[in-house]
Structure formats: structure tokens, C-alpha cells
Amino acid sequence: MKEDNVLSLTADAATAADAGLPMTGLTQPEVTSESILALILRSLDDNKAEEVVQIDLRGKTSVCDHMVICSGRSSRQVSALSQKLVEDLKHELGVPSKIEGQETGDWVLIDTGDVVVHVFRPEVREFYQLEKMWMPMGKVTQNPA
């Protein structure tokens, strides 16, 4: 069934190119930092990440537009959450990600360019307290579970 879809798209593209027409319906919608953020939040929620916090960094740094911080209950869950997130980003949006720290599973950093995700074991998250570093005083926004 998938091969038929690929062949249909290829045939449609060839027909449009031969006729000098734009290949409408064949291009991916523009991927924005907001669409990346939405997919990240959905993936983390679907895979039972805990204490998910999103931080809007637009206009505050050139590093990224958004930061997401969350926890997994164990090193194994931290690694699994991270791997699943990277797969979701690649398959659903075509967004490549750089990933660091997955082998140990204490603190995994996923960099999509526009959104940076930190997945921690709870003890490591408490030690580093990234929320306090990046959030304005007294303002930590958690996503509802």
C-alpha cells in the first residue's frame, strides 16, 4: 500500500514537471519552532514524561526559541523518552536532532535547532535546576498532565 502512495506521488510530480506546473500538494508544510514544540510536548506526554516545563526563549537568546525540561523515572526511561522523541521528530516533521548523553541516561540533551530538550532523572534535575536559570523569578510553567 505504501509503495502505491510513493509511486502515485512520483507520477504526480513527473506529470506536473512535464506540464511546467507547480507540484502542489507534494511539498511539506513549513516546519516552525511552534510545530516542533507541539510535537515534542505531545511525544513527551504520550510517553509518560514527568514534570514537563516549557520555557519561551524568543528574544532572550539566539541559542533557541524554546526549551523543554522534563524528567523520566529512571535512566532507562530517560533514554527511551529521548530516543522516541528523536524518532518522532524525524518521522513526523523530518527534523534531524543532535542527541547527547543517551548512553548514561542521567541527563539527555536533544537539540533540534529551534527547540532544545533536556530529559533528566529527577535527582540530576534537582541538582542542576535549569528552570531557575532560564525562567523569570517565580515563574515556572508546567504543562498540565
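The values are calculated or read from the model by the stated rules, or taken from the named source; none is laboratory data. Note that the structure is a prediction, hence the values are computed from the model and not measured. All Cβ positions, even for glycine, are placed from backbone atoms using ideal geometry, and neighbour counts span all protein chains on display.
Residues in the range 82-115 that are acidic (Asp, Glu) and more than 17 Å from MET67 (Cβ to Cβ): 5 in all.
Somewhere in the range 124-139, is a residue at pLDDT 95 or above, surrounded by 15 or more Cβ atoms within 10 Å (Cβ to Cβ) and not aromatic (Phe, Trp, Tyr)? Scanning the range 124-139 turns up at least one residue that is at pLDDT 95 or above, surrounded by 15 or more Cβ atoms within 10 Å (Cβ to Cβ) and not aromatic (Phe, Trp, Tyr).
Residues considered: GLY72, GLY59, GLY101, GLY105. Of these, the only one that is within 13 Å of ARG121 (Cα to Cα), assigned by TED's automatic domain parsing to the domain that holds VAL119, free of Cβ contacts under 8 Å to residues at least 24 places away in the same chain and over 14 Å from the mean Cα position of the chain (by Cα) is GLY101.
Helices (runs of 4 or more DSSP H) wholly in the range 57-142 with at least 1 residues that are in contact with a Ser or Thr (Cβ under 6 Å, 6 or more places away or on another chain) - which ones?
Numbers: elements: 75-88, 122-128, 130-134.
Of the helices (runs of 4 or more DSSP H) lying wholly inside the range 57-142, those with at least 1 residues that are in contact with a Ser or Thr (Cβ under 6 Å, 6 or more places away or on another chain) span 75-88, 122-128.
Can you confirm whether the range 54-73 contains a residue that is β-branched (Val, Ile, Thr), in contact with a helix residue (DSSP H, G or I) (Cβ under 7 Å, 6 or more places away or on another chain), modelled with pLDDT under 95 and surrounded by 17 or more Cβ atoms within 10 Å (Cβ to Cβ)?
Just the residues of the range 54-73 that are β-branched (Val, Ile, Thr), to begin with: 55, 61, 63, 68-69.
Next cut, in contact with a helix residue (DSSP H, G or I) (Cβ under 7 Å, 6 or more places away or on another chain) only: 55, 68-69.
After this cut, where a residue has to be modelled with pLDDT under 95 as well, the list is 55.
Narrowing the set further to residues that are surrounded by 17 or more Cβ atoms within 10 Å (Cβ to Cβ) leaves 55.
Yes, the range 54-73 contains a residue that is β-branched (Val, Ile, Thr), in contact with a helix residue (DSSP H, G or I) (Cβ under 7 Å, 6 or more places away or on another chain), modelled with pLDDT under 95 and surrounded by 17 or more Cβ atoms within 10 Å (Cβ to Cβ).
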